[in-house]
Amino acid sequence: MAERFYAAPMEGLTTWLWRRVHHEVFGVADKYFTPFVSPNANLSFQRKELRELEGNGGLKVVPQILAGRVDHFCWAAGAIRDMGYSEVNLNLGCPSGTVTAKNKGAGLLQDPDRLDALLDGIFSGLPEGLGLSVKTRIGWRDDGEWPALVKVFSRYPIRELIVHPRIRSDFYTGRARREVFSATAGLTRLPLVYNGDVTTPSDAASWTVPVMAGRGLLADPALFRRAAGGPPAERGELRRYHDALAEGYGETLGAGPALHRMWELWAFFAGNFEGADPWVKKMRKCRGLADYRPLADAVLTGCPLREEE
Ligand SMILES: Cc1cc2nc3c(=O)[nH]c(=O)nc-3n(C[C@H](O)[C@H](O)[C@H](O)COP(=O)(O)O)c2cc1C
């Protein structure tokens, strides 16, 4: 298997800056997926979305599109192709009520016929030279819906079907239904990618299909390196990673939004250190990067590294 390890799209977390910093410090993932861009009737991208699409020199990046309409999707796909990308990804997983109510994300899993019509339109209008992968959950209300959905997917030349084996109503809780994923190989010849709850190097290394990780990779940014037989994260690397993110967000977003980004990061990253939680709690009361930095320093230099598998 040439490509094994994919970084998941995570809104506000696996950003253009994160991708750049992650590969510089911990080695490159085989593919990085952008958090979704969401084209609307204006047929334009927001500034924030453009930054996701434009800052990816040299990395293998797949932009993800959240859309429930063929015209919106195909406009965005065309614009993305014109930026030089060779693949786009369709989001069929986002469980948020505001998204699903507009028949986007996991909302599209409610009705296989509607999904079929969308894919038919997309594949008819997909710009030449652009591949399409799909990232999906396994149902809306029940994983018994999955075989019918796979049947629809199998009608199309989907480059990769990335499966997060939860249903919409699971959101991100409960256990990923790995047995449903395993059974999928018997239902389709589409190339499959596994996503969901991969948090250890041995788990990541155990798959015979490519693996996508999100939360596990944010918790341990060296996850893929370790899965490939490399060393765990060193303190100096964790420090460099953290500082490059804090500084980069500070410079590009300003202090307030940068702080928010760092809080979100620490929700995963704190697990690398023993006794980080009280410091992380204090970080959430900070008003600017000036009072944040000493707290981050206290963890990065003072807390022992946690020994894991
Ligand atoms: C905060 C957050 C943001 C996410 N943003 C996206 C997104 O933009 N697009 C997407 O397809 N999935 C998104 N996801 C889902 C992840 O890509 C992934 O499918 C999910 O977290 C399960 O994988 P994991 O257990 O490896 O984290 C998001 C998940 C979280 C928790």
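Please compute, over every Cα-Cα pair in region 144-183, the percentage with a separation greater than 16 angstrom.
Looking at region 144-183, the distances longer than 16 Å represent 41 percent of pairs.
Out of the total accessible area of the chain (probe 1.4 Å, heavy atoms of protein only), what percent is carbon and sulfur?
Ligands and nucleic acids excluded, carbon and sulfur reach 51 percent.
Over the residues of region 270-309, compute the C-alpha Rg and express it relative to 2.2 N^0.38 Å. Show your work: numbers first, answer last.
Working: Rg = 10.6 Å, N = 40, 2.2 N^0.38 = 8.9 Å.
Cα-based Rg divided by the globular estimate yields 1.18.
In Å, what Kirkwood hydrodynamic radius results for the chain from the alpha-carbon pair distances?
So the Kirkwood estimate lands at 20.2 Å.
Roughly what angle does helix 235-253 make with the longest principal axis of the chain, taking Cα atoms, 0 to 90 degrees, to the nearest 10?
On a 0 to 90 degree scale, this one is about 70.
Could you give the angle, 0 to 90 degrees to the nearest 10, between helix 255-269's Cα long axis and the longest principal axis of the Cα atoms of the chain?
Tilt of helix 255-269: around 80 degrees.
Per DSSP helix of 4 or more residues, -39500 (n - 2.57); summed, then divided by the residues of the chain. What does that give at 222 nm, rounded to the nearest 500?
-12000 deg cm²/dmol
Can you tell me the dipole magnitude for the chain around its Cα centre, using point charges on the Cβ only (Lys, Arg +1; Asp, Glu -1), in Debye to the nearest 20?
420 debye
Could you give me the radius of gyration and the Dmax of region 149-273, taking only the C-alpha atoms into account and expressing both in angstrom?
Reported Rg and Dmax, both Å: 17.7, 51.
As an exercise, identify the GluC sites (Glu not before Pro) in region 177-242 lying in DSSP coil whose Cβ has no more than 12 other Cβ atoms within 10 Å.
Passing both the DSSP loop test and the Cβ count: 234.
Which of the listed residues, 260, 73, 21, is farthest toward the dipole's positive end in the chain, when Lys, Arg count +1 and Asp, Glu count -1 at the beta-carbon?
Toward the positive end, the furthest listed residue is 260.
So what does log10 I(q)/I(0) come out to for region 68-135 at q = 0.24 Å⁻¹, using the Debye formula with one equal point on every Cα and no solvent?
-1.05
With only alpha-carbon atoms counted, please give the Rg and Dmax of region 31-76, in Å.
10.8, 31
Within 10 Å of each candidate Cβ there may be at most 16 other Cβ atoms; applying that plus a DSSP loop requirement, which trypsin sites (Lys or Arg not before Pro) in region 171-276 survive?
175, 189
Taking all pairs of distinct Cα atoms, average 1/r, flip it, and tell me the Kirkwood hydrodynamic radius of region 211-309 in Å to one decimal place.
It works out to 13.9 Å.
Quick check for you: with a 1.4 Å probe and neighbouring chains kept, what is the accessible area per residue of the chain, in Å²? Can you show the working numbers first?
Details: 13480 Å² over 309 residues.
Value returned for the chain: 44 Å² of accessible area per residue.
At 1.4 Å probe size, put 23, 72 in order of accessible surface, largest to smallest. Let's see the in-between values first.
Values: 23 55, 72 25 Å².
Result of the area sort, largest leading: 23, 72.
Among 22, 260, what's the order by accessible area (1.4 angstrom probe), most exposed first? Could you put the intermediate results ahead of the total?
On the way: 22 5, 260 105 Å².
Listed by decreasing accessible area, they come as 260, 22.
Report residue 10's accessible area, 1.4 Å probe, all protein chains in place, as a number in Å² to the nearest 10.
Its accessible surface works out to 40 Å², give or take rounding.
From the Cα trace of region 189-239, what convex hull volume per residue do you get, rounded to a whole Å³?
Dividing the Cα hull volume of region 189-239 by its residues yields 72 Å³.
Just want the answer: with Cβ charges of +1 for Lys and Arg and -1 for Asp and Glu, which residue in 238, 84, 108 is farthest toward the dipole's positive end in the chain?
The listed residue farthest towards the positive side: 108.
Angle between the Cα long axis of helix 16-26 and the longest principal axis of the chain, 0 to 90 degrees, nearest 10?
The helix 16-26 is inclined about 60 degrees to the chain.
If you rank 295, 50 by how much accessible surface each has, with a 1.4 Å probe, what is the order from largest down? If you can, show how the numbers build up before the last one.
On the way: 295 25, 50 55 Å².
Output order, biggest surface exposure first: 50, 295.
Scattering from the C-alpha atoms of region 1-59 alone, worked out with Debye: what is log10 I(q)/I(0) at q = 0.13, 0.24, 0.25 1/Å?
-0.36, -0.99, -1.05
The values are calculated or read from the model by the stated rules, or taken from the named source; none is laboratory data. Predicted, not measured: the structure shown is a model, and the values here were computed from it. With ideal geometry, Cβ positions are generated from the backbone for all residues, glycine too; neighbour counts draw on all protein chains shown. Protein only, heavy atoms only, side chains kept; ligands, DNA and RNA dropped before computing areas. Shrake-Rupley method; radii C 1.70, N 1.55, O 1.52, S 1.80 Å.
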